[in-house]
Amino acid sequence: MKKIYNRILQISGNIIAVRASGIKYGELAIVKTSQGKTFAEVIRINASDEIFLQVFAGGSGISTGDEVYFLGRHMGIPFSENLLGRIFTATGEPRDGGPHLTEALTEISGPAVNPAKRIVPTNMIHTGIPMIDIFNSLVESQKISIFTTSGEPYNELVVRIALQAKVDAIVVGGMGIRYDDYLFIKDSIEKGGAFGRCVLFIHTASDPVVECLIAADISLAVAERFALEGKKVLVLLTDMTNFCDALKEIAVVMEQIPSNRGYPGDLYSQLAVRYEKAVSFEGAGSITILSVTTMPGNDVTHPVPDNTGYITEGQYYLNNGRIEPFGSLSRLKQLVNKDTRADHRPLMTSMIQLYAFYRETMEKRAMGFRMSQWDEKLLKYGNLFEAGIMDLSVNIALYEALDMGWRILAECFTPEETGLRSELIKTYWPDICKA
Amino acid sequence: MIKTAGIVSGINGSMITVEFSGSVRQNEVAYVLHEDMRLKAEVVRIKGRRADLQVFESTRGLKSGAEVEFSGGLLSVELGPGLLGQLFDGLQNPLDRLAARHGFFLKRGEYITPLQEDKTWSFVPTAKAGDRVSGGDTIGTVIEGRFIHKIVVPFYLTLLHDVIHVIEPGDYTIKEKVALLKDNSGQPIPVTMSFMWPVKRPVTLYEERLPPVEQLVTRIRIIDTLFPVSKGGTYCVPGPFGAGKTVLQQLTAKSAEVDIVIVAACGERAGEVVETIREFPMIIDPSTAEPLINRTIIVCNTSSMPVAARESSVYTAITMAEYYRHMGLHVLLLADSTSRWAQAMRERSGRLEEIPGEEAFPAYLQSVIADFYERSGLVRLKDGGKGSVTIGGAVSPAGGNFEEPVTQATLKTVGAFHALSRERSDARRYPAIDPLESWSKYKGAISPAQRSQLFKLLKRADEIGQMMKVVGEEGTSLDDFMLYLKAELFDEVYLQQNAYDEVDGATSIGRQAHVFSIIFDILNTHMEFKGKDEARRFFNEMRQHFLDYNTIPEGAVAFDEKEENIMTLLLEHVPVSDRSCVRTLSEALVESDLDSFFRRSKMAGGIDKKDLSIVIKDGKSDEKNI
């Protein structure tokens, strides 16, 4: 027999308090209001048996006389293969008009993986985007974020990576995204023919803010189960800045002392718990996390990108519709780019160095300095590089992209000017340009 | 004595409030009974009959009304043979044995003894019946790897005790009694090979603390030459994300010339720990011909593991370091990152609703950090031997801004500062230690005069580089340009190091001295060029020679050949009259050479970037004067 509490002591923001005993920390409750039922989660227990609950649908419209009853369990998601091809809200309600799933409930936000059971990743994930494949390879089990600003085509980019990556399952966690973006993601995946290996948990900007946090946890819990079954899973989290803002909002309501620009002091730990779900299991599958972090004011020292940068294994800067070669970094690329083709690493270094020179030359030109012959070569190279490699519309496999790199080099420079080793030049320098 | 018991009355994240009866100690360890689990917790505040405890595990599902058992003891680690080569969590649980028992995920409330109880050690007694001993005195030895591991009287037996009996030589486990002591009141005290010691209490059973004068060789050139670290000293490595803090720490763990390295991975990425775990057993240390893991202990509380145990992880590590120092060994403790530990303190402080200091860090941040770093030191032991604990702490400043509280608190307590910079890492200049911002108070391989001369050179070259961005190469005098190229050469071939190259990745101190003397000569030699193009060609060629030279093992034929090449190339551009003095007169020559630059330049007083417009003017007038 469940106990019903019908005296709510406090309502502030999305937090309500009731007096109850024998309640578990983190337990799920249901609040029955005149507008319907909503989930709530215990986030604090005070010494006088005051239970604080975070109401998923928000505090608006809740009456002090509304009923609250506890479910005795944590937030969970029914897990099965049937999840694939479905779209849900952040709390696991169908968004696609399909049936409710009820079987085997999996708890969300489970324990951390024992570091002794992790393995060093060795598989590259090919994306068809040369700026990623050549310069900052994406690695299975990596956690990496796209640092960008509002207005950049970041959703286009993540969806494209998801569609082109050879993975067994894709989990999309949408957090605070615009409805248009949700439709775009859905349509693109459908068109790309990947819907059958996809599951979406979507929290749109108009949904209650608390559910934003659940979206990340539920996506990762599902991904973890797929990975344990041996699947290679790619998780897309867009946009993690909204997730952090939701954390901030709740922390402020709970009267926590803010640390930096209003964000709670445990922002790092909160983010880490989610990102550290990226893993390669010994003898099972893996989870790769690709997230989007929109930087307010394009400021990388803002607490959200800053804390994210310390947790993720690299970042891609998406700026002016292109992935920036400088600042972008894949910390795990060394683990994979040694095994692709002998010219991968040296070509990567050489091309990036020449591109850096090109940027310097551009600065010089802007200041009105005379352009030398070398400068002219660099300018030609820079333009070709931007059009043939950097442009996001370029969609070629790694080896093709490497060949393309050689062609561009050959068109602009003599072999000695590239600083590449002679034996590589002998093997890869395109024939046509030798004369 | 009746055991103190309590009841959980409030839960807020990892912080719980407990109503207790009986007496409770500050920092006492307690266990919260939840379902069939016992969750470890520590008392952090006591008010009346209520105590606030921080739980080292997730409190998910815990109910108010749950029982709490107080243990009476402080948070302690077990010290004894068998610590080396292990992977522990922040509470000294061996993670691989946990994994064997529970699989992929960490299970709450599971604690395993850190030392293997069934393993036997070949014990050789050194004390005999009738000796008088106290805590820290040796009663026998065992062999642990390549070390003689001293079995000592537990540190907490501070008074003199009579030895009644010591066991015969033979193989024993750590739980078997190896000696029997008697205290003043005649109470017999059995001694085993292992004992417990509270982590927050420094081990001070040495004769005296000595000044850290002996250099700790890291085989990283920029550190050993410009910003040296001493055995028993402390240093910190702050840097923005992506600047290579962790790679630098891993590199140091690999190549530092010490007996034992303890890596405390505190609140950082699990993947990095995995790299260390999987890589170290494979790497053979050339000086000992043993896998590196045999001299390493890893304590890891990665970012997704419970936050409360993060703090204990650094203390667990330092306590084990002190234990091995007590055996006369040199220990290097690498903590990555102390900022995460400070953040854990901030989280706890926030939950306790303490009045916050700067950026919400607790007001006691500075003193806690200072206490930790002060546990380092070179000491003379009672038996005359020397041992040391050196602490290298990585700091992750928010926004890469060194003004923030953790970096500032750390800077006050360390002897060397290796500042990593975003500019250098973006330019792929690794290790990205900024030579203009870093400092060290310790003595290194080169003389202070040489060091200050190099700083002068780098500083001046940086100014010239800044100026060149504005006035272009054309507006720079050939002398200035040459000085700039010299500094660039020094940076590219000496300060930078390729961590992924087998030879270049670790440079022995002997080789450093040798290469340094050559490059120092080049920096100090007056060279003649027809123009800037020729100068640039020369330095490019020189750089190429050095880069090859750096990757050739010492003693190889090619090594001497390359050196020949370098000297030949150099002499081509030295005026005939100066050739004889390339090596002998270098010091005198440089001083005058450099000084003349400073005298000639009107910016000798040093300039600020703000005054750049003045610089241009000066630069131009300078040109005219010449």
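The values are calculated or read from the model by the stated rules, or taken from the named source; none is laboratory data. Owing to the predicted nature of the structure, the values given are computational and were not obtained by experimental measurement. Cβ sites come from the backbone with ideal geometry, for glycine too, and all protein chains shown count toward neighbours. Protein only, heavy atoms only, side chains kept; ligands, DNA and RNA dropped before computing areas. Shrake-Rupley method; radii C 1.70, N 1.55, O 1.52, S 1.80 Å.
Mind telling me which of the residues A:VAL210, A:VAL253, A:VAL235 ends up being at pLDDT 95 or above and either in contact with a Lys or Arg (Cβ under 9 Å, 6 or more places away or on another chain) or of a type in the set (A, V, I, L, M) (or both)?
Values: A:VAL210 fails: at pLDDT 95 or above; A:VAL253 fails: at pLDDT 95 or above.
Exactly one residue qualifies, and that residue is A:VAL235.
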Filtering segment B:462-492 down to residues that are free of Cβ contacts under 8 Å to residues at least 40 places away in the same chain, under 31 Å from the mean Cα position of the chain (by Cα) and either within 14 Å of chain A (Cβ to nearest Cβ) or open to solvent by 10 Å² or more (accessible area, probe 1.4 Å) (or both) yields B:ASP462
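For B:THR126, are the conditions met, namely being open to solvent by 10 Å² or more (accessible area, probe 1.4 Å) and over 32 Å from the mean Cα position of the chain (by Cα)? I'd like the intermediate steps shown before the answer.
Values: open to solvent by 10 Å² or more (accessible area, probe 1.4 Å): yes; over 32 Å from the mean Cα position of the chain (by Cα): yes.
For B:THR126, the condition - open to solvent by 10 Å² or more (accessible area, probe 1.4 Å) and over 32 Å from the mean Cα position of the chain (by Cα) - is met.
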If we ask which residues in segment A:351-365 are open to solvent by less than 30 Å² (accessible area, probe 1.4 Å) and over 16 Å from A:LEU409 (Cα atoms), their number turns out to be 1
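Specify the residue that is nearest to the chain's Cα centre (by Cα); the eligible residues are those in segment B:386-404 that are in contact (Cβ under 8 Å) with a residue 60 or more places away in the chain and within 14 Å of another protein chain (Cβ to nearest Cβ). Quick ask: steps written out before the conclusion?
Applying the first criterion (in contact (Cβ under 8 Å) with a residue 60 or more places away in the chain) to segment B:386-404 yields B:386-397, B:399-400, B:402.
Filter again for within 14 Å of another protein chain (Cβ to nearest Cβ), leaving B:394-397, B:399-400, B:402.
Numbers: B:ALA394: 7, B:VAL395: 11, B:SER396: 14, B:PRO397: 17, B:GLY399: 22, B:GLY400: 19, B:PHE402: 18 Å.
Within segment B:386-404, the match that is nearest to the chain's Cα centre (by Cα) is B:ALA394.
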Applying the selection to segment A:45-56, what residues are farther than 14 Å from A:GLN10 by Cα and surrounded by 20 or more Cβ atoms within 10 Å (Cβ to Cβ)? A:PHE56
Note on A:ILE108: of the conditions (1) within 14 Å of another protein chain (Cβ to nearest Cβ); (2) touching an Asp or Glu at 6+ places or on another chain (Cβ under 9 Å); (3) over 19 Å from A:ILE214 (Cα atoms), unmet is (3)
Within segment B:137-177, tally of residues that are in a loop (DSSP other than H, G, I, E, B) and either more than 19 Å from B:ASP383 (Cβ to Cβ) or open to solvent by 80 Å² or more (accessible area, probe 1.4 Å) (or both): 13
Condition first: surrounded by fewer than 24 Cβ atoms within 10 Å (Cβ to Cβ) and among the β-branched types (Val, Ile, Thr). Now tell me which residues in segment A:135-151 satisfy that. A:THR149
Quick one: in segment A:376-435, of everything that is touching a Ser or Thr at 6+ places or on another chain (Cβ under 6 Å) and assigned to a loop (DSSP other than H, G, I, E, B), which residue is modelled with the lowest pLDDT? A:GLY419
Could you tell me which of the residues A:GLY65, A:GLY13, A:GLY61 is more than 14 Å from chain B (Cβ to nearest Cβ), without any contact (Cβ under 8 Å) to a residue 40 or more places away in the chain and either over 23 Å from B:VAL32 (Cα atoms) or acidic (Asp, Glu) (or both)? A:GLY61
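So which of A:GLY327, A:GLY321 ends up being of a type outside the set (Val, Ile, Thr), more than 12 Å from chain B (Cβ to nearest Cβ), surrounded by fewer than 22 Cβ atoms within 10 Å (Cβ to Cβ) and touching a residue at least 12 places away in the same chain (Cβ under 8 Å)?
Numbers: A:GLY327 fails: more than 12 Å from chain B (Cβ to nearest Cβ).
On inspection, the qualifying residue turns out to be A:GLY321.
Looking at segment B:268-284, can you tell me whether even one residue there is closer than 15 Å to B:ALA344 by Cα and in contact (Cβ under 8 Å) with a residue 24 or more places away in the chain? Working first, answer last.
Initially, segment B:268-284 is screened for residues closer than 15 Å to B:ALA344 by Cα, giving B:268.
Right, trim to in contact (Cβ under 8 Å) with a residue 24 or more places away in the chain and you get B:268.
Yes, there is a match, as at least one residue in segment B:268-284 is closer than 15 Å to B:ALA344 by Cα and in contact (Cβ under 8 Å) with a residue 24 or more places away in the chain.
So that you can scan it fast, the table gives a plain yes or no per residue for (1) of a type in the set (Asp, Glu); (2) assigned by TED's automatic domain parsing to the domain that holds B:VAL152; (3) assigned to a strand (DSSP E or B); (4) surrounded by fewer than 22 Cβ atoms within 10 Å (Cβ to Cβ):
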{"position": "B:LYS200", "(1), (2), (3), (4)": "no, no, no, yes"}
{"position": "B:PRO212", "(1), (2), (3), (4)": "no, no, no, no"}
{"position": "B:THR218", "(1), (2), (3), (4)": "no, no, no, no"}
{"position": "B:THR225", "(1), (2), (3), (4)": "no, no, no, no"}
{"position": "B:CYS236", "(1), (2), (3), (4)": "no, no, yes, no"}
{"position": "B:PRO240", "(1), (2), (3), (4)": "no, no, no, no"}
{"position": "B:LYS254", "(1), (2), (3), (4)": "no, no, no, yes"}
{"position": "B:GLU268", "(1), (2), (3), (4)": "yes, no, no, no"}
Residues of segment A:253-279 that turn out to be touching a residue at least 12 places away in the same chain (Cβ under 8 Å), open to solvent by 40 Å² or more (accessible area, probe 1.4 Å) and more than 8 Å from every other protein chain (Cβ to nearest Cβ), as a count: 3
Sort out which residues of segment B:102-124 are closer than 20 Å to B:GLU311 by Cα, touching a helix residue (DSSP H, G or I) at 6+ places or on another chain (Cβ under 8 Å) and at the interface with another protein chain (Cβ under 9 Å from one of its Cβ atoms), and write them in order of number. B:LEU106, B:LYS107
Just one of A:VAL42, A:VAL31 is without any contact (Cβ under 8 Å) to a residue 60 or more places away in the chain, of a type outside the set (Ser, Thr, Tyr), open to solvent by less than 20 Å² (accessible area, probe 1.4 Å) and within 14 Å of chain B (Cβ to nearest Cβ); which is it? A:VAL42
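Do you know which residues across segment B:352-385 are within 14 Å of chain A (Cβ to nearest Cβ) and touching a Gly at 6+ places or on another chain (Cβ under 6 Å)? Don't jump to the end; show me each part of the working.
Quick first cut of segment B:352-385, residues within 14 Å of chain A (Cβ to nearest Cβ) only: B:352-363, B:365.
Within segment B:352-385, B:ALA360, B:ALA363 qualify.
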Specify the residue that is least open to solvent (accessible area, probe 1.4 Å); the eligible residues are those in segment A:334-349 that are within 12 Å of another protein chain (Cβ to nearest Cβ) and under 16 Å from A:LEU402 (Cβ atoms). A:ASN337
Every residue from segment A:366-381 that is without any contact (Cβ under 8 Å) to a residue 24 or more places away in the chain and surrounded by 14 or more Cβ atoms within 10 Å (Cβ to Cβ): A:PHE369, A:ASP375, A:LEU379
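For (1) at pLDDT below 90; (2) closer than 19 Å to B:LYS459 by Cβ; (3) open to solvent by 10 Å² or more (accessible area, probe 1.4 Å); (4) not assigned by TED's automatic domain parsing to the domain that holds B:LEU334, each residue gets a yes or a no:
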residue: B:GLN408; (1), (2), (3), (4): no, no, yes, no
residue: B:HIS418; (1), (2), (3), (4): no, yes, no, no
residue: B:GLU423; (1), (2), (3), (4): yes, yes, yes, no
residue: B:PRO431; (1), (2), (3), (4): no, no, yes, no
residue: B:ASP434; (1), (2), (3), (4): no, yes, yes, no
Inspect segment B:78-101 for any residue being more than 24 Å from B:ILE298 (Cβ to Cβ), in a loop (DSSP other than H, G, I, E, B), hydrophobic (A, V, I, L, M, F, W, C) and away from chain A (no Cβ under 14 Å) and give the result as yes or no. no
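Does B:ALA253 count as of a type in the set (A, V, I, L, M) and within 14 Å of another protein chain (Cβ to nearest Cβ)? Talk me through it step by step, then tell me what you get.
Working: of a type in the set (A, V, I, L, M): yes; within 14 Å of another protein chain (Cβ to nearest Cβ): no.
No; evaluated as a whole, the condition is false for this residue.
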Strands (runs of 3 or more DSSP E) fully within segment A:56-148 counting 1 or more residues that are in contact with a Pro (Cβ under 7 Å, 6 or more places away or on another chain): A:86-89, A:105-107, A:143-148
Counted residues in segment A:296-318 being open to solvent by 10 Å² or more (accessible area, probe 1.4 Å), more than 12 Å from chain B (Cβ to nearest Cβ) and touching a strand residue (DSSP E or B) at 6+ places or on another chain (Cβ under 9 Å) come to 1
Kindly check whether there is at least one residue in segment A:74-89 that is more than 30 Å from A:GLY193 (Cα to Cα) and open to solvent by less than 30 Å² (accessible area, probe 1.4 Å). yes
